[in-house]
Amino acid sequence: MYIVRDIFNLRYGMFKEAMTSIRKAVQVGLLPVKDIRILSDFTGDAYRLIMESEAESLAAYEKEMNEGMKDPRFQEFYSEFKTYVSSGHREILRRHQL
């Protein structure tokens with residue numbers, strides 16, 4: 001199992017707008033991964049928004065992303081969303097059972 005975190009550093013004062021954009025995308029099923037969690041932090045860099053999801057394998061994650069990003073409606077959402085972002089990165093973590 002993998003945990004994927006897309007971490008966005010938002011432009012100053014853009015958190016509310018970014019969340020509104022994400023909520024609209026979730027309501028119409030535009031985000032390319034299922035069961036996404038939206039997180040924000042109380043420490044560290046200001047205005048950080050994290051989209052966290054899980055994938056059974058890296059191949060499954062890649063397939064889901066490729067299929068979702070082909071949708072022209074997703075491209076429209078992403079064009080709007082990225083105006084709120086100053087930078088970002090992705091973390092892919094492997095979860096181990098104890």
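The values are calculated or read from the model by the stated rules, or taken from the named source; none is laboratory data. None of these values were measured; they are calculated from a predicted model. Every residue, glycine as well, gets a Cβ built from its backbone with ideal geometry; the counts of neighbours run over all protein chains shown.
Which of the residues belonging to region 59-86 are touching a strand residue (DSSP E or B) at 6+ places or on another chain (Cβ under 8 Å) and either over 13 Å from Arg5 (Cα atoms) or surrounded by fewer than 12 Cβ atoms within 10 Å (Cβ to Cβ) (or both)?
Let us first name the residues in region 59-86 that are touching a strand residue (DSSP E or B) at 6+ places or on another chain (Cβ under 8 Å), namely 61, 64, 84-86.
Across region 59-86, the qualifying residues are Glu64, Tyr84, Val85, Ser86.
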Which of the strands (runs of 3 or more DSSP E) contained wholly in the chain include at least 3 residues that are among the hydrophobic types (A, V, I, L, M, F, W, C)?
2-10, 48-55, 85-94
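Could you tell me whether Val4 is closer than 17 Å to Glu91 by Cβ and at pLDDT below 85? Can you show your working first?
Numbers: closer than 17 Å to Glu91 by Cβ: yes; at pLDDT below 85: no.
Against the criterion (closer than 17 Å to Glu91 by Cβ and at pLDDT below 85), Val4 does not qualify.
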